[in-house]
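Participant: Mind having a look at this structure? Questions to follow.
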Amino acid sequence: MARILTGIQSTGTPHLGNILGAIKPAIELANDPINDSYLFIADLHSFTQIKDCERLKNNTYAVAATWMAFGLDTSRSVFYRQSDVPEVTELAWYLQCLFPYSRMTLAHSFKDKSDRLEDVNAGLFSYPMLMAADILLYDADKVPVGKDQMQHLEMTRDVASRFNHKFGDTLVLPEVLTRESTMYIPGTDGHKMSKSHDNTLNIFDDAETLKKVINKQIVTDATPLEEPKNPDSAVVYNLYKLITSESDAQKMAASLRAGGYGWGHAKKALLEALVDGFASERASFNELMSNREEIDFALAQGADRARVVASEVLSRVRGKIGY
Ligand code: TRP
């Protein structure tokens, strides 16, 4: 059985792009009985950006509730909070002391973030070594990530080989599993849906809120109602197509091409597809968020299982280093 491990960012409630592009495929992988799956909420990484106690906690709950609402089997997968296994920070320290500073300065993600964010702290700089520790602490074989995380995976393999070279075979070198069919999920403005572009759709919002967001934010052109429209270049159609059946998508495309069907109609159809299509996930998300003990219970169980592996690997590491 291959051990598959991945970390989940917790900088906000996951949006439609996160759900379709990353969460649903990851849940499929995690629920597959041929995998030994580790999934954690990277709340220590979130502290590089979030210095507000309530927000930090809430984000973790919102992320956990999303994964659970979309059907993650938490009795199969080891599902935990990164901060519940603080051993990871100790390993991160050892790794930082083995990794050349000059190499750290080459990380793209740090450059991107330091251009964008106000709070450019040292944690943001050492982020890749905490991520390497996340992976190496659990002897992970495979790590599914988006393309933006490839360099972090290279750094992980690099620091693991440095460790093994210096102290003898100790750490497992993980393989990267890139999400090949990474779907392009457009945001309300047509650019890739992303929190940093402020163009996201939150499927857990109520119908009223979703309606406002769809009507105000989704861009359309000025083609009058009667005239034919090109569905393929329309954000509203491209979003609709991702969440509805093929036949409904074809119907909308045909109506747009025929003319006499306006953007307002298309937006209404999109709203209904979002509200109805995710009704059961929304209900279980809300239920979990108002009954957090259930989330706490699942995460605590995950942390117990994670700690067994973490302490074993960490004592192996300490022994080699001389502690
Ligand atoms: N850095 C990852 C991201 O931004 C999240 C993450 C943290 C992660 N630790 C990890 C992913 C370990 C995979 C393995 O998406």
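Participant: Let me spell out the model: positive unit charges on the Cβ of Lys and Arg, negative unit charges on the Cβ of Asp and Glu, origin at the Cα centre of region 241-323. What dipole size does that give, in debye rounded to 20? It would help to have the intermediate numbers written out before the result.
Facilitator: On the way: 12 positive and 11 negative charges, 107 e Å.
Rounded to the nearest 20 debye, it is 520 debye.
Participant: At 7 Å along Cα-to-Cβ for each site, give me the label-to-label distance between Thr223 and Asp52 in nm.
Facilitator: 4.1 nm
Participant: Excluding residues fewer than 8 places away in the same chain, name every one of the aspartates and glutamates whose C-alpha is closer than 17 Å to that of Lys241.
Facilitator: Asp189, Asp232, Glu272, Asp276
Participant: Taking the Cβ of Val172 as the centre, find all other residues whose Cβ is under 12 Å away and add up their charges (Lys, Arg: +1; Asp, Glu: -1). Spell out each step's value before the answer.
Facilitator: On the way: positive: Arg3, Lys142, Arg157, Arg316; negative: Asp139, Asp141, Asp169, Glu175.
Taking every Cβ under 12 Å from that of Val172, the sum is 0.
Participant: Further question on the same structure: As an exercise, identify the chymotrypsin sites (Phe, Trp or Tyr not before Pro) in region 137-203 lying in DSSP coil whose Cβ has no more than 13 other Cβ atoms within 10 Å. List each step's numbers first, then the result.
Facilitator: On the way: sites: Tyr138, Phe163, Phe167, Tyr184; in loops: Tyr138, Tyr184.
Sparse-neighbourhood loop chymotrypsin sites (Phe, Trp or Tyr not before Pro): Tyr184.
Participant: Here is a further query. How high is the relative contact order of the chain, in percent, counting Cα pairs under 8 Å that sit 6 or more residues apart? Before the final figure, lay out the partial values.
Facilitator: Numbers: 458 pairs, mean separation 69.3, N = 323.
For the chain, the relative contact order is 21 percent.
Participant: Set Lys and Arg Cβ to +1 and Asp and Glu Cβ to -1, take the dipole of the chain about its Cα centre, and tell me which of Leu98, Val85, Val275 lies farthest positive.
Facilitator: Leu98
Participant: How high is the FRET efficiency from Glu154 to Gln250, r the C-beta distance, R0 51 Å, rounded to 0.05? Can you show the working numbers first?
Facilitator: Details: r = 42 Å, r/R0 = 0.83.
After rounding to 0.05, the efficiency reads 0.75.
Participant: Taking only Cα atoms, what is the 0 to 90° angle, nearest 10, from helix 207-217's long axis to the longest principal axis of the chain?
Facilitator: 80 degrees
Participant: Please compare each pair in Lys147/Lys211; Lys111/Lys195; Lys192/Lys268; Lys113/Lys229; Lys57/Lys192; Lys113/Lys320 to a cut-off of 29 Å on the Cα-Cα distance and tell me which ones are over it.
Facilitator: Numbers: Lys147/Lys211 32 Å; Lys111/Lys195 18 Å; Lys192/Lys268 22 Å; Lys113/Lys229 39 Å; Lys57/Lys192 27 Å; Lys113/Lys320 35 Å.
Result: Lys147/Lys211; Lys113/Lys229; Lys113/Lys320 exceed 29 Å.
Participant: Taking amide H positions as placed in the peptide plane 1.01 Å from N, state which residues far from Ile185 in sequence (5 or more) or on other chains have amide H under 5 Å from it.
Facilitator: Amide H neighbours of Ile185: Met193.
Participant: Compute the acute angle (0 to 90°) between the alpha-carbon long axis of helix 292-321 and the principal axis of greatest extent of the alpha-carbon atoms of the chain; round to the nearest 10°.
Facilitator: Roughly 40 degrees between the two axes.
Participant: Calculate, for Asn238 and Tyr323, the FRET efficiency according to 1/(1 + (r/R0)^6) with r their C-beta to C-beta distance and R0 45 Å; round to the nearest 0.05.
Facilitator: Values: r = 54 Å, r/R0 = 1.21.
Once the sixth-power term is evaluated, E becomes 0.25.
Participant: With charges set only on the Cβ (+1 for Lys and Arg, -1 for Asp and Glu), what does the dipole of the chain come to about its Cα centre, in debye to the nearest 20? Numbers along the way, then the final one.
Facilitator: Working: 35 positive and 43 negative charges, 125 e Å.
In total the dipole reaches around 600 debye.
Participant: Just tell me which aspartates and glutamates come within less than 15 Å, Cα to Cα, of Lys51; anything on the same chain fewer than 8 places away is out.
Facilitator: Hits, sequence-local ones excluded: Asp43, Glu118, Asp119.
Participant: How charged is the neighbourhood of Ala30? Take every other residue with its Cβ under 13 Å from the Cβ of Ala30, and add Lys/Arg as +1 and Asp/Glu as -1. Intermediate results must be reported in sequence, preceding the final value.
Facilitator: Details: positive: Arg3, Lys24, Arg76, Lys142; negative: Glu28, Asp32, Asp36, Asp73.
Summing Lys and Arg as +1 and Asp and Glu as -1 gives 0.
Participant: Are there any trypsin sites (Lys or Arg not before Pro) in region 17-118 that are in a DSSP loop and have at most 16 other Cβ atoms within 10 Å? List them by number. Please report the intermediate quantities before stating the final value.
Facilitator: Values: sites: Lys51, Arg55, Lys57, Arg76, Arg81, Arg103, Lys111, Lys113, Arg116; in loops: Lys51, Arg76.
Answer in residue order: Lys51, Arg76.
Bear in mind that the values in this text are calculations on the coordinates, not laboratory data. It should be emphasised that the depicted structure is a prediction, and the values quoted were computed from it without experimental measurement. Reconstructed Cβ throughout: ideal geometry from the backbone, glycine too, with neighbour counts over all protein chains shown.
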